[in-house]
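Below: one structure, written as structure tokens.
The values are calculated or read from the model by the stated rules, or taken from the named source; none is laboratory data. Note that the coordinates shown come from a computational prediction; the quantities given were computed from them, not determined experimentally. Virtual Cβ from ideal backbone geometry, glycine too; neighbours counted across all protein chains shown. SASA here: full protein model, heavy atoms, side chains in, ligands and nucleic acids out. Shrake-Rupley method; radii C 1.70, N 1.55, O 1.52, S 1.80 Å.
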Protein chains: 2
Amino acid sequence: MDAVTDLKRPREEDDNAAAAKPACFSSVIPGWFSEMSPMWPGEAHSLKVEKVLFQGKSDYQDVIVFQSATYGKVLVLDGVIQLTERDECAYQEMITHLPLCSIPNPKKVLVIGGGDGGVLREVARHASVEHIDMCEIDKMVVDVSKQFFPNVAIGFEDPRVNLVIGDGVAFLNNAAVGSYDAVIVDSSDPIGPAKELFEKPFFQSVARALRPGGVVCTQAESLWLHMDIIEDIASNCRDIFKGSVNYAWTSVPTYPRHVYGVIGFMLCSTEGPHVDFKVPVNPLDDSSSKSNGPLKFYNAEIHSAAFCLPSFAKKVIESKAT
Amino acid sequence: MDAVTDLKRPREEDDNAAAAKPACFSSVIPGWFSEMSPMWPGEAHSLKVEKVLFQGKSDYQDVIVFQSATYGKVLVLDGVIQLTERDECAYQEMITHLPLCSIPNPKKVLVIGGGDGGVLREVARHASVEHIDMCEIDKMVVDVSKQFFPNVAIGFEDPRVNLVIGDGVAFLNNAAVGSYDAVIVDSSDPIGPAKELFEKPFFQSVARALRPGGVVCTQAESLWLHMDIIEDIASNCRDIFKGSVNYAWTSVPTYPRHVYGVIGFMLCSTEGPHVDFKVPVNPLDDSSSKSNGPLKFYNAEIHSAAFCLPSFAKKVIESKAT
């Protein structure tokens with residue numbers, strides 16, 4: 001944990017940036033925010049900071065919002081960039097439409113995490129959806145998003161949304177069996193409060209809450225960095241989801257929630273009507289989403305392309321499937 | 001150019017890294033190398049340095065090789081990371097096999113740049129190839145690669161390779177008309193010695209040197225960052241290449257030669273037998289490449305997927321095509 005400790009050490013005397021900036025900002029580049037983590041040792045990404053807009057400590061994590069020089073406003077949780085105004089579209093659109101465009105007429109959707117509201121914004125594009133439950137553990141993330149990221153938090157305004165502040169694992173355990181068409185798990189990395197969301201009991205609860213042939217999409221790390229984690233997730237999923245289990249990936253700029261410019265998703269379906277995730281059956285037409293702006297990233301070709309894996313990853317992920 | 005100037009300022013007194021490290025190493029994170037450029041203002045990527053292995057100044061650029069903590073050995077030209085042992089496979093395989101797998105039986109290939117030898121290693125996998133010319137401007141890059149990156153420079157050992165140290169533009173101008181099946185332009189970014197390689201006269205020379213229905217693949221920047229550059233390149237290419245003109249992209253970890261974790265390629269063909277780059281007609285079978293190790297990244301699905309663009313890029317690139 002040395003890197004993280006370093007990140008949070010007090011700023012140096014000769015630092016010429018405003019003294020008002022919080023201590024958890026990097027001391028390594030004065031006036032810059034540097035992101036380091038035991039999840040990606042030996043490297044750091046830094047963004048130039050124009051102004052710190054918010055700094056707080058919730059019951060679960062450190063929350064920071066700053067205005068960056070070239071990425072718009074940036075949300076940081078526990079030292080890790082969660083979204084930037086410049087690139088959030090790719091992640092939010094893909095984690096949402098990969099599952100929802102893979103089944104006909106999704107009606108009831110559960111989002112675990114995703115407290116910034118971006119996934120809700122995307123789910124709301126689907127006219128067939130009648131009800132959206134969201135369970136986010138940290139109210140501060142919701143409040144901060146509403147204050148600083150109105151184009152992301154716009155998702156909360158949809159009348160179909162039922163927001164619950166609480167623990168996603170407990171929420172799922174109390175959910176009615178077979179009640180959801182789709183569950184989207186928009187979590188942070190498996191080293192903090194989200195750790196449980198990568199473990200077998202959680203996937204069992206998800207499977208229980210899904211209808212037969214229902215689908216789940218969960219943030220599943222970058223194949224450039226975390227093939228070991230991905231192997232574990234895939235193996236857990238194969239034990240539990242008796243429909244299909246697939247890994248997809250897509251490009252999201254630099255930041256380590258999306259480590260190495262790419263982020264992966266595990267897409268699984270329960271036993272029941274077969275789901276072929278590689279072939280979207282529920283196209284999104286742009287007119288269905290007037291209020292939330294046009295899609296910036298997702299389209300049907302990008303959907304199918306996301307399942308084409310590089311040889312090194314294919315060998316590991318697909319060999320385990322047989 | 002402030003960022004670059006900063007990058008090269010002398011290291012600070014309190015820097016606890018070995019004094020033996022060269023001045024162009026970042027002073028901003030002691031013991032780390034930080035990459036900044038006017039090509040990506042407001043952000044920096046940093047790698048932890050174990051040991052500096054080489055530092056030189058050629059007639060064209062600063063050349064550095066260091067052992068990183070987590071990426072193996074790293075080659076840096078003018079402050080920009082060109083390759084790391086950990087991720088070089090993706091770039092080298094894609095820039096080579098996207099063009100060469102799109103035409104049947106490529107026989108004569110020209111590589112402009114690519115002085116590390118990685119593209120040669122990949123071209124050599126194609127049994128149909130009889131002759132490979134390479135024109136690299138900077139001999140120091142070749143020498144350094146041979147010394148420090150034997151698994152990359154292995155490409156120079158192929159008996160079909162004819163290495164010319166010189167200016168790629170001049171080389172092309174002297175090439176026989178219609179003499180190549182494929183030209184691969186493995187250049188750095190369009191702000192240094194490689195500037196000309198992104199301009200119209202250069203593309204004219206390439207088109208002239210290609211046979212009818214011959215193909216070119218050129219490094220064409222990241223669509224997350226440089227849509228303006230890509231639009232210019234695409235527009236220049238459409239004026240000059242009368243066959244097909246396509247943009248492809250792929251994931252390559254963090255580094256700004258591959259800015260934002262992705263790098264793009266412009267693939268064009270001259271008038272003649274039609275080339276549909278999206279459908280590889282010349283599959284590479286692994287047995288054809290025993291000496292150079294198995295393919296790590298490229299496969300036929302990744303080939304086709306590389307042409308699926310996100311909506312924001314599709315709108316810009318494909319609308320200009322009509």
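Numbers below:
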| read-out | value |
| --- | --- |
| Filter pass, B:Glu157 being open to solvent by less than 30 Å² (accessible area, probe 1.4 Å) and at negative phi | no |
| Residue within the range B:231-251 that is farther than 27 Å from B:Ile132 by Cα, β-branched (Val, Ile, Thr) and more than 13 Å from chain A (Cβ to nearest Cβ) present | no |
| Residues that are open to solvent by less than 10 Å² (accessible area, probe 1.4 Å) and over 19 Å from A:Val74 (Cβ atoms), drawn from the range A:116-128 | A:Leu120, A:Glu122, A:Val123, A:Arg125, A:His126 |
| Top-ranked residue in the range A:176-204 [being aliphatic (A, V, I, L, M) and either crowded, with 19+ Cβ neighbours inside 10 Å or touching an Asp or Glu at 6+ places or on another chain (Cβ under 7 Å) (or both); ranked as farthest from A:Val63 (Cα to Cα)] | A:Ala182 |
| Top-ranked residue in the range A:42-70 [being β-branched (Val, Ile, Thr) and within 14 Å of chain B (Cβ to nearest Cβ); ranked as surrounded by the most Cβ atoms within 10 Å (Cβ to Cβ)] | A:Val49 |
| Matching residues in the range B:272-322 - criterion: being buried (at least 20 other Cβ atoms within 10 Å of the Cβ), of a type in the set (Val, Ile, Thr) and modelled with pLDDT of 90 or more | B:Val275, B:Ile302 |
| Any pair with Cβ under 9 angstrom, 6 or more apart, that starts in the range B:54-77 at a residue that is not assigned by the TED database to the domain that holds B:Asn151 and among the basic types (Lys, Arg) and ends at one that is modelled with pLDDT of 90 or more and in a loop (DSSP other than H, G, I, E, B) | B:Lys73/B:Phe149 |
| Filter result (open to solvent by less than 10 Å² (accessible area, probe 1.4 Å) and assigned to a loop (DSSP other than H, G, I, E, B)) within the range B:87-115 | B:Asp87, B:Cys101, B:Ser102, B:Ile103, B:Pro106, B:Gly114, B:Gly115 |
| Residue pairs meeting the criteria (Cβ under 6 Å; at least 6 apart or on separate chains; first within 11 Å of chain A (Cβ to nearest Cβ) and within 16 Å of B:Phe277 (Cβ to Cβ), in the range B:85-111; second open to solvent by less than 10 Å² (accessible area, probe 1.4 Å) and of a type in the set (Asp, Glu)) | B:Glu93/B:Glu122 |
| The range A:159-186 residues that are closer than 22 Å to A:Ala220 by Cβ and among the acidic types (Asp, Glu), paired with ones that are modelled with pLDDT of 95 or more and open to solvent by 30 Å² or more (accessible area, probe 1.4 Å) (beta carbon under 7 Å, 6 or more apart) | A:Asp181/A:Lys107; A:Asp181/A:Lys108; A:Asp181/A:Arg211 |
| Among (1) open to solvent by less than 10 Å² (accessible area, probe 1.4 Å); (2) touching a helix residue (DSSP H, G or I) at 6+ places or on another chain (Cβ under 9 Å); (3) more than 12 Å from chain B (Cβ to nearest Cβ) - the single one A:Val76 does not satisfy | (2) |
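The rows are residues; the columns are (1) at pLDDT below 95; (2) over 28 Å from B:His303 (Cα atoms); (3) small (Gly, Ala, Ser).
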site	(1), (2), (3)
B:Gly117	no, no, yes
B:Ile165	no, yes, no
B:Ile191	yes, yes, no
B:Leu197	yes, no, no
